[in-house]
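Chemist: Got a structure for you, written out below as structure tokens; questions coming shortly.
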Amino acid sequence: MNTTGKTPTGGRLGRRVASVVAVLAMVVAAAGCSDTDNDDSNGNGNTGNTGNSAGAPPVGRFASPNPGSVNTYWISAPQGLVVIDTLRTLTDARRAVEEIRRSGQPVAAILLTHSHPDHVGGAGVFHEAFPQAPVYASVTTDKIMREDPRGFYPLTRTVPGHDFPDQLTYATRTFQAGEAVDVAGLRLETAEFAAGESDSATVFHDPAAKSLYAGDLVGNKVTPALLEGHSCGWLANLALLRERFPDVRTAYPGHGEPAEAVGMFGEQRGYIQDFRRLVGAAIAPASPEGTAVGDGERASILAAMEQKYPGYPPVASLPTIADENVKAVAAELAAENPAVLPAACATP
């Protein structure tokens, strides 16, 4: 399993990602103080136990408001709660901490799935609230957080009144790719994936409960962010994920509600494949606009996706995320060599 992968920071892709994150940060600053009463069911600040498998430990969930709803989970382990991911904003992290405290159980550990701002922004709030709980991340995720090669964090802080921490809180304990994590009497298997939805991503597998905490490798009925131009890598990661954990019953995604794993994996794969197919047709030399995606073609792509995946809220509070996805995937496909593509990336 590939666990490293290089991060393309220069050139047009790097500049495009940077500009997109700058715009996203401005919207995030406003979204951080949203009134949850006005949000829909896919991201309404809901809390409570999720629908986990019979006999599995109870799992709590806090979903921040839409747009850009993101999850944090807490597992009731034998010796306390294990928190997974820490949300985007300081405000949402504080709300989640309040809910966790209502459980009356101590927090024993905080685990991070990957380095994106919407999953680590609240780490400081959680660490301050539960100072006895170590913050865990893989060696690779910790390195990306500390070096921030794409410049995500300072860009998020450029907006006046932003609700992202001025100083990021890093892991206090790290683990190698594939190393099991033993916390609070609970053993979680890990696997790490590179160059997909993010530059590096860790999933946590509870084999006893047949549960997978998948971060952003899978989302449930949401519009994903394809901004980093790794849609092929994401498809390859999904294939590896199914091979590595064939017995998983319940998936806990970074965005959207927990659900039956096989169906969620299949829909995530189908969404990315459909998007690549539509964009690929638009940049074909024989298409109306040639190798460029024209305005009409872009509108057609988005309409086709909306028809097949209606009402899927975006994972980021960026109004133009769908348009930016088209641009990123078009650039990715234009640079691909079909002769060496992984089988997972072949057009169905």
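The values are calculated or read from the model by the stated rules, or taken from the named source; none is laboratory data. Here the structure is a predicted model, which is why all the values come from computation and not from measurement. To get the accessible areas, we keep the full protein, side chains included, count just its heavy atoms, and leave off ligands, DNA and RNA. Shrake-Rupley method; radii C 1.70, N 1.55, O 1.52, S 1.80 Å.
Chemist: In square angstrom, what is the accessible area per residue of the stretch 216-260 with a 1.4 angstrom probe?
Modeler: Counting only protein heavy atoms, the per-residue value for the stretch 216-260 is 31 Å².
Chemist: For VAL107, which sequence-distant residues (separation of 5 or more, or a different chain) have an amide H within less than 5 Å of its own amide H, given hydrogens modelled in the peptide plane?
Modeler: Answer set, sorted by chain and number: LEU81.
Chemist: Measuring with a 1.4 Å probe in the full set of protein chains, what accessible area per residue, in whole Å², belongs to the stretch 117-200?
Modeler: Dividing the accessible area of the stretch 117-200 by its residue count gives 39 Å².
Chemist: Next question, about the same structure. Residue-wise, which Karplus ³J(HN,Hα) couplings in Hz belong to the stretch 291-305, taking 6.51 cos²θ - 1.76 cosθ + 1.60, θ = phi - 60°, and x for glycine or proline?
Modeler: Ordered by residue, 3J(HN,Hα) equals 7, 9, 8, x, 4, x, 5, 4, 4, 5, 4, 5, 5, 5, 5 Hz.
Chemist: May I pose another question? Can you list the residues, at least 5 places off or on another chain, whose amide H is less than 5 Å from the amide H of LYS210, using H built in the peptide plane?
Modeler: none
Chemist: Follow-up question, since we're still on this one. Just the accessible area per residue of the stretch 264-348, please: how many Å² with a 1.4 Å probe?
Modeler: It amounts to 48 Å² per residue over the stretch 264-348.
Chemist: Now for a separate question. What percent do you get for the relative contact order of the stretch 119-270 when only Cα pairs under 8 Å and 6+ apart count?
Modeler: Across the stretch 119-270, relative contact order equals 18 percent.
Chemist: Tell me, what % of the accessible area of the stretch 159-308 is carbon and sulfur with a 1.4 angstrom probe?
Modeler: 49
Chemist: Calculate one ³J(HN,Hα) per residue across the stretch 116-123 by plugging θ = phi - 60° into the Karplus curve 6.51 cos²θ - 1.76 cosθ + 1.60, and present them in order as whole Hz with x for glycine and proline.
Modeler: 4, x, 6, 10, 10, x, x, 4
Chemist: Could I ask something else about it? Apply the Karplus curve 6.51 cos²θ - 1.76 cosθ + 1.60, θ = phi - 60°, to the phi angles in the stretch 331-342 and return the couplings in whole Hz, x for Gly and Pro.
Modeler: 5, 4, 5, 5, 8, 6, 10, x, 5, 10, 6, x
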